[in-house]
Amino acid sequence: MQLDLTGKTALVTGSTQGIGAAIATALARAGARVAINGRSPETVATAAERLRGEVDGAQVIPAAADVSTDEGAARVAELVPRADILVNNLGIFGAQPALEITDDEWRRYFEVNVLSAVRLTRAYLPGMVDRGWGRIQYIASDSAIVTPAEMIHYGMSKTALLAVSRGFAKEAAGTGVTVNSVIAGPTHTAGVEDFVYQLVDADLPWEEAQRAFMREHRPQSLLQRLIEPAEIANLVTYLSSPLASATTGAAVRVDGGYVDSIVP
């Protein structure tokens with residue numbers, strides 16, 4: 001199976017680290033020209049240089065801007081006037097008691113996690129439709145379906161992405177553009193190791209510690225370990241390719257079996 005994205009330009013939001021950086025790397029390895037996005041020009045430049053070092057001949061576009069604002073989204077559209085692949089990965093999360101989440105926090109989560117993706121979809125979908133080809137993805141979470149009691153504002157925003165994805169897929173019906181969401185499960189990203197060691201024996205080696213964490217605190221996972229960012233990037237790369245031409249309007253799971261369901 002050849003995932004060849006040569007000649008395609010991809011924009012990945014929030015791609016200076018973690019899942020976003022892994023997605024950018026995988027798309028570049030498949031031949032895509034990749035726009036790296038983050039708020040800080042310095043951080044974006046560092047991530048772009050790292051990607052060039054990891055992928056020989058990688059074509060990288062630094063696109064520093066805060067896409068959670070109208071001005072930032074407009075700036076990215078200037079820096080990346082055409083995108084064949086849009087991966088809406090930007091997101092914030094944090095634990096907070098349900099009754100202590102303020103109105104401002106509800107708005108902030110919706111603005112960053114949902115409206116940033118809507119803005120960029122509005123910016124790039126028309127061009128994709130005109131060209132008769134495009135791929136748009138929204139990186140959701142198991143929290144979209146299994147709402148965490150300690151992060152219902154985060155869960156709400158990820159549930160909203162599933163609706164946004166399905167709705168825009170209908171808008172793009174019959175055009176050659178596919179629109180999907182990716183439901184990512186518990187993932188090994190920056191800061192997660194510290195979090196794990198707060199809950200399990202700090203003297204355990206990492207492999208044992210993460211499995212103990214999953215058994216004790218995420219027992220519904222069938223994988224029984226944290227997902228690596230590259231594993232999520234593999235699915236995103238497939239969905240970005242011509243081979244995924246018949247997959248649209250879907251919520252595709254790469255959750256390690258975390259969501260206890262036999263349907264997507």
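The values are calculated or read from the model by the stated rules, or taken from the named source; none is laboratory data. These numbers come from a predicted model, not from an experiment. With ideal geometry, Cβ positions are generated from the backbone for all residues, glycine too; neighbour counts draw on all protein chains shown.
Restricting to segment 145-167, and then to whatever is outside any helix (DSSP H, G or I) and of a type outside the set (V, I, T), can you tell me which residue is farthest from G14 (Cα to Cα)?
If we take residues in segment 145-167 being outside any helix (DSSP H, G or I) and of a type outside the set (V, I, T), then A149 is farthest from G14 (Cα to Cα).
Show the residue pairs that are 6+ apart or on different chains and have beta-carbon atoms under 6 Å apart, the first residue being within segment 205-226 and in contact (Cβ under 8 Å) with a residue 40 or more places away in the chain, the second being of a type in the set (F, W, Y).
Taking only residues 6 or more apart or on different chains, the pairs are Q220/Y258.
Please state which of the following conditions L115 fails to meet, knowing it meets all the rest: (1) in contact with a helix residue (DSSP H, G or I) (Cβ under 8 Å, 6 or more places away or on another chain); (2) more than 16 Å from A83 (Cβ to Cβ).
(1)
Among the residues of segment 180-211, write down those that are farther than 19 Å from G91 by Cα, of a type in the set (A, V, I, L, M, F, W, C) and crowded, with 16+ Cβ neighbours inside 10 Å.
Those that are farther than 19 Å from G91 by Cα, of a type in the set (A, V, I, L, M, F, W, C) and crowded, with 16+ Cβ neighbours inside 10 Å: V196, V200, A209.
If I filter segment 54-106 down to residues being more than 26 Å from L27 (Cα to Cα) and of a type in the set (A, V, I, L, M), which single residue comes out as surrounded by the most Cβ atoms within 10 Å (Cβ to Cβ)? First the steps, then the outcome.
If we filter segment 54-106 for residues that are more than 26 Å from L27 (Cα to Cα), which is where we start, we get 70-71, 94-106.
Among the residues that remain, those that are also of a type in the set (A, V, I, L, M) are: 95, 98-99, 101.
Values: A95: 10, A98: 11, L99: 5, I101: 17.
Filtering segment 54-106 for residues that are more than 26 Å from L27 (Cα to Cα) and of a type in the set (A, V, I, L, M), the one surrounded by the most Cβ atoms within 10 Å (Cβ to Cβ) comes out as I101.
Can you say whether P62 is modelled with pLDDT of 95 or more, more than 29 Å from D4 (Cβ to Cβ), assigned by TED's automatic domain parsing to the domain that holds E150 and over 16 Å from the mean Cα position of the chain (by Cα), as far as the supplied structure shows?
no
I need every pair where a residue in segment 140-164 that is within 17 Å of N88 (Cβ to Cβ) has its Cβ under 6 Å from the Cβ of a residue that is basic (K, R), sequence separation at least 6 or different chains.
A140/K158; S141/K158; S143/K158; A144/K158
Go through (1) modelled with pLDDT under 95; (2) closer than 18 Å to A117 by Cα for L161 and report which single condition fails.
(1)
Restricting the first residue to segment 50-67 and requiring it to be in contact (Cβ under 8 Å) with a residue 40 or more places away in the chain, which pairs with a second residue that is β-branched (V, I, T) and assigned to a helix (DSSP H, G or I) meet a Cβ separation below 6 Å and a spacing of at least six or different chains?
Note: pairs meeting the criteria are A63/V76; V67/V76.
Is it fair to say A35 is in the same structural domain as L90 (by TED's automatic domain parsing), out of contact with any strand residue (DSSP E or B) (no Cβ under 9 Å at 6 or more places or on another chain), buried (at least 24 other Cβ atoms within 10 Å of the Cβ) and at pLDDT 95 or above?
no
What number of residues within segment 220-230 are within 14 Å of V192 (Cβ to Cβ) and outside any loop (DSSP other than H, G, I, E, B)?
Result for segment 220-230: 2.
Can you name the number of the only condition in (1) more than 18 Å from the chain's Cα centre (by Cα); (2) part of a loop (DSSP other than H, G, I, E, B); (3) not aliphatic (A, V, I, L, M) that T189 fails?
Evaluating T189 over (1) more than 18 Å from the chain's Cα centre (by Cα); (2) part of a loop (DSSP other than H, G, I, E, B); (3) not aliphatic (A, V, I, L, M) leaves (1) as the failure.
As an exercise: evaluate A209 against (1) in the same structural domain as P242 (by TED's automatic domain parsing); (2) farther than 21 Å from S241 by Cβ; (3) assigned to a helix (DSSP H, G or I) and give the number of the one condition it does not meet.
If we test A209 against (1) in the same structural domain as P242 (by TED's automatic domain parsing); (2) farther than 21 Å from S241 by Cβ; (3) assigned to a helix (DSSP H, G or I), just (1) comes out false.
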